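**Q** Here it is: the structure, laid out below.
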Amino acid sequence: MIGKVLGNRYEITEKLGVGGMAEVFKAYDSLLQRPVTVKVLRSELNADEEFVARFHREGQAVASLSHPNIVNVYDVGREGDRHYLVMEYVDGEDLKTVIKREGPLAPHRVVAIARQICDALEHAHYQKIIHRDVKPHNILITRDGQAKLADFGIARESNAATLVQTKSLVGSVHYISPEQARGDTADAQSDIYALGVVLFEMLTGSVPFNGGNPVSVALKHIQDDVPSLKERNPAVNPEFDRIVRRAMAKIPIDRYASAREMARELKSIKTGGGEDGELADSSTQVYEPVRVPRKRLSNWALVSIIVAVIGLTVGGFFGLRAYLHVPEVEVPGVEGLLLADAQRELERVGLRASVSEEYSTEEPGMVIRQDVKQGSRVKQQRVIFLTVSRGPEMIRVPDVRGRTRDEARARLEAAGFVIGEEKEITDELSPSGTVIRTEPGPNAAHPKGGEIRLVISKAPDPVLIVVPDLIGEEEGAARAKLAAAGLLAAPDVRERQSHEYPAGRVIAQDPRGGAEVSELSEVKLTVSKGPGPEERSVVVYASMPNDGRTHVLRIVVTDLHGEREAHVGEYESGERVAWTVRYYGRARIQSYIDGNLVRDQTVD
């Protein structure tokens, strides 16, 4: 994976570790130019739909959270068969590593870390998100001591209607609540119980319950009393024991009602830790009383003590005043700026930025929202939450080739696209009304809400055919002419008496001859059933050339009965011939002498 680029943006640079569900890598975000953490679902789990859904649920759950003590999830994606999450890169180590190295932590550090995790849980619970796997492994400590809750990998929405409970143990068994161990629904109090276990481990260096196998540990969570902190670490303040026992109460209703309530209890503990925990009283320290032999103090000693007490009191007053007096500054407007410019603008007035991302039509890297309005006055070092554009969400174009226009539109709109221009072209290989292609093409990455153009197949333009004139044709010949022209004779042929055409000849047609119709159109025929025209005659005259030679006269008649020779004969030079020609209906009579046409006449 090292060197691979996911989503055309995240270059894998280093492997950080392997978990039960995913491999964890450090990567570089080339768009926003910052390091990120990438979790890639283990390949053997890709076929398990439950694991894939659970993996994506982490991204969906945490993407709705924005808090300085929660590791931000920036992106959820898929590259081929790899599912991955992109998260904030935390430069530090997990709390489990810290405890293993240092053992029990100083009280002020315990309070500081626990209160920050309380704040994170309070924010998540307010958003109806339950973590369900709070443990030191999932608490990251930055180099400046900030605690961040990570890995909402088995988180769920507390009002999710689709959750199915199983008898399997979800989460890590050493930090599991009794109700989770029994297979019941986890809620906010389950997270508080787990935080109580983490608090116990920070104070003693060990978990409260151990066993030979996970089941025995789970049973101890259900049945056994919480071990005494004093027995594990005699130096522990008894107030911690009270808080741990309440957080780890067997019955959820006996625990703290909220993470905020637990944070208030932690705040009340005097640890004397100074600024390291950022929670201790900066002006007053409590010391164990020193017992000395009772004797009368000298006046000088008494005066010295009074002066010291006054000095401590005055110093404490001014120290507290200095601690509480933080200058106010005016919040600049950074919406519309690129992230780097926005951060510089905030830092210029002493403010800090916490960044989350969302898809937007704005330029990637541009600040599209700030949680505190421009011109508001806030304390210096206040965190301003910025929402930065990731650019438009890119999704794959569904393959709708071969589908009808309506089917294609429905699928594309369901995928989140808008239907743009439609173009129709003739394509002999595609049925009319189906999609030939989309622009962009199938599986192309395209902005969600973007336009998809459709290219639709249309029927070829009809071929127009001129109907032949069939009047006077015999029915069989008429049918042959229609077939040769790419037309059909209607199966039902009407018959009608005619004195103009003999029986069997076409006397009417529909459409008429010369009309233009589509290929394979039908033509209706009406055929004569007789009696037909009467025989007529006409005398044809011809004069032979006076050249001293014999000549051949040929007379051809074309009428309703077709073309035929009416007469052929030899005649002397200069002879004048008169020949009677019989015909039916309108006729054409042509006279030829020695093969040359000498007369062409039409008679009725």
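The values are calculated or read from the model by the stated rules, or taken from the named source; none is laboratory data. Since the structure is predicted, the reported quantities are computational estimates derived from the model, not experimental observations. We place every Cβ from the backbone using ideal geometry, glycine too, and count neighbours over all the protein chains shown.
**Q** Filtering region 505-531 down to residues that are of a type in the set (A, V, I, L, M, F, W, C) and over 60 Å from the mean Cα position of the chain (by Cα), which residue is surrounded by the most Cβ atoms within 10 Å (Cβ to Cβ)?
**A** Initially, region 505-531 is screened for residues of a type in the set (A, V, I, L, M, F, W, C), giving 506-508, 515, 517, 520, 523, 525, 527.
Those still in the list that are over 60 Å from the mean Cα position of the chain (by Cα) too: 506-508, 525, 527.
Details: V506: 24, I507: 20, A508: 16, L525: 22, V527: 20.
This residue is V506.
**Q** Of all residues in region 474-487, which are surrounded by 14 or more Cβ atoms within 10 Å (Cβ to Cβ) and under 18 Å from V517 (Cβ atoms)?
**A** Answer for region 474-487, where residues must be surrounded by 14 or more Cβ atoms within 10 Å (Cβ to Cβ) and under 18 Å from V517 (Cβ atoms): A478, R479, K481, L482, A485, L487.
**Q** I want to confirm something. Restricting to region 432-467 and keeping residues that are polar (S, T, N, Q) and at pLDDT 90 or above, which single residue is nearest to the chain's Cα centre (by Cα)?
**A** Here is the first cut: in region 432-467, the ones polar (S, T, N, Q) are 432, 434, 438, 443, 457.
Imposing the further condition that a residue be at pLDDT 90 or above reduces the set to 434, 438, 457.
Numbers: T434: 25, T438: 18, S457: 28 Å.
By that ranking, first place goes to T438.
**Q** Would you pick out the residues in region 372-409 that are surrounded by 14 or more Cβ atoms within 10 Å (Cβ to Cβ) and either within 30 Å of G433 (Cα to Cα) or free of Cβ contacts under 8 Å to residues at least 24 places away in the same chain (or both)?
**A** Those that are surrounded by 14 or more Cβ atoms within 10 Å (Cβ to Cβ) and either within 30 Å of G433 (Cα to Cα) or free of Cβ contacts under 8 Å to residues at least 24 places away in the same chain (or both): M394, I395, V397, P398, D399, V400, R401, R403, T404, R405, A408, R409.
**Q** Identify the residue in region 410-423 that is small (G, A, S) and without any contact (Cβ under 8 Å) to a residue 12 or more places away in the chain and, among all such residues, is surrounded by the fewest Cβ atoms within 10 Å (Cβ to Cβ).
**A** A414
Let's see how each residue does on (1) under 27 Å from L339 (Cβ atoms); (2) more than 20 Å from the chain's Cα centre (by Cα); (3) outside the structural domain of E79 (by TED's automatic domain parsing):
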residue: E11; (1), (2), (3): yes, yes, no
residue: K15; (1), (2), (3): no, yes, no
residue: K39; (1), (2), (3): yes, no, no
residue: N46; (1), (2), (3): no, no, no
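**Q** Can you pull out every residue in region 104-144 that is out of contact with any helix residue (DSSP H, G or I) (no Cβ under 7 Å at 6 or more places or on another chain), surrounded by fewer than 20 Cβ atoms within 10 Å (Cβ to Cβ) and not aliphatic (A, V, I, L, M)?
**A** Answer for region 104-144, where residues must be out of contact with any helix residue (DSSP H, G or I) (no Cβ under 7 Å at 6 or more places or on another chain), surrounded by fewer than 20 Cβ atoms within 10 Å (Cβ to Cβ) and not aliphatic (A, V, I, L, M): H123, Y126, Q127, K128, T142, R143, D144.
**Q** What's the total number of residues in region 182-206 that are surrounded by fewer than 20 Cβ atoms within 10 Å (Cβ to Cβ) and either of a type in the set (S, T, N, Q) or not assigned by TED's automatic domain parsing to the domain that holds E265 (or both)?
**A** 2
**Q** Return the pair list, or none, for Cβ contacts closer than 8 Å from residues in region 64-92 that are farther than 17 Å from I12 by Cβ to residues that are of a type in the set (K, R) and surrounded by fewer than 19 Cβ atoms within 10 Å (Cβ to Cβ), at least 6 apart or on different chains.
**A** Close Cβ pairs (under 8 Å, with a partner that is of a type in the set (K, R) and surrounded by fewer than 19 Cβ atoms within 10 Å (Cβ to Cβ)) amount to D91/R143; G92/R143.
Conditions tested, residue by residue: (1) polar (S, T, N, Q); (2) under 25 Å from D559 (Cβ atoms).
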position	(1), (2)
E475	no, yes
R479	no, yes
A483	no, no
L487	no, no
Q497	yes, yes
G513	no, yes
E519	no, no
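**Q** Hey, another quick one. Among the residues that make up region 450-471, is at least one of them of a type outside the set (D, E, K, R) and at positive phi?
**A** So in region 450-471, the residues of a type outside the set (D, E, K, R) come out as 450, 452, 454-457, 459-460, 462-468, 470-471.
This time we only want the ones that are at positive phi, so: none.
The answer is no; no qualifying residue exists.
**Q** Let me ask something else about it. Looking only at region 84-93, how many residues end up being surrounded by 20 or more Cβ atoms within 10 Å (Cβ to Cβ) and either in contact with a helix residue (DSSP H, G or I) (Cβ under 6 Å, 6 or more places away or on another chain) or among the aliphatic types (A, V, I, L, M) (or both)?
**A** Qualifying residue count for the region: 3.
**Q** Further question: Identify the residue in region 54-97 that is farther than 24 Å from K4 by Cα and of a type in the set (G, A, S) and, among all such residues, is modelled with the highest pLDDT.
**A** Only one residue fits best here, namely G92.
**Q** So I593 fits all but one of (1) surrounded by fewer than 19 Cβ atoms within 10 Å (Cβ to Cβ); (2) in the same structural domain as I471 (by TED's automatic domain parsing); (3) among the hydrophobic types (A, V, I, L, M, F, W, C); what number is the exception?
**A** Result: I593 fails condition (2) only.
**Q** Need pairs with beta-carbon distance below 7 Å; first residue assigned to a strand (DSSP E or B) and within region 560-579, second surrounded by 15 or more Cβ atoms within 10 Å (Cβ to Cβ) and of a type in the set (D, E, K, R); sequence gap 6+ or separate chains.
**A** Note: pairs meeting the criteria are E565/R554; V568/R554.
**Q** To continue, here is another question. Filter region 346-361 for residues that are in contact with a Phe, Trp or Tyr (Cβ under 6 Å, 6 or more places away or on another chain) and surrounded by 19 or more Cβ atoms within 10 Å (Cβ to Cβ) and give the result.
**A** E357 - this is the single residue of region 346-361 that is in contact with a Phe, Trp or Tyr (Cβ under 6 Å, 6 or more places away or on another chain) and surrounded by 19 or more Cβ atoms within 10 Å (Cβ to Cβ).
**Q** Looking only at region 503-522, which residues are closer than 15 Å to E474 by Cα and of a type in the set (A, V, I, L, M, F, W, C)?
**A** From region 503-522, those closer than 15 Å to E474 by Cα are 503-509; that's our starting set.
Across region 503-522, the qualifying residues are A503, V506, I507, A508.
**Q** Turning to a different aspect of this structure: Specify the residue that is modelled with the lowest pLDDT; the eligible residues are those in region 163-210 that are in contact with a strand residue (DSSP E or B) (Cβ under 8 Å, 6 or more places away or on another chain) and farther than 15 Å from R245 by Cβ.
**A** Among those residues, the one meeting the criterion is L163.
**Q** Which of (1) outside any helix (DSSP H, G or I); (2) of a type in the set (D, E, K, R); (3) crowded, with 19+ Cβ neighbours inside 10 Å is the odd one out, the single condition E179 does not satisfy?
**A** (1)
**Q** Being of a type in the set (V, I, T), out of contact with any helix residue (DSSP H, G or I) (no Cβ under 9 Å at 6 or more places or on another chain) and part of a strand (DSSP E or B) is the filter here; which residues of region 348-381 pass it?
**A** Within region 348-381, the first condition is being of a type in the set (V, I, T), and the residues that meet it are 349, 355, 361, 367-368, 372, 378.
Adding the requirement that they be out of contact with any helix residue (DSSP H, G or I) (no Cβ under 9 Å at 6 or more places or on another chain) leaves 349, 361, 368, 372, 378.
Those that are of a type in the set (V, I, T), out of contact with any helix residue (DSSP H, G or I) (no Cβ under 9 Å at 6 or more places or on another chain) and part of a strand (DSSP E or B): I368, V378.
**Q** Right, here's the next one. Taking P502 as meeting all but one of (1) surrounded by fewer than 18 Cβ atoms within 10 Å (Cβ to Cβ); (2) modelled with pLDDT under 95, write down the number of the exception.
**A** (1)
**Q** Another question about this same structure. Looking only at region 10-22, which residues are modelled with pLDDT under 90 and not hydrophobic (A, V, I, L, M, F, W, C)?
**A** G17, G19, G20
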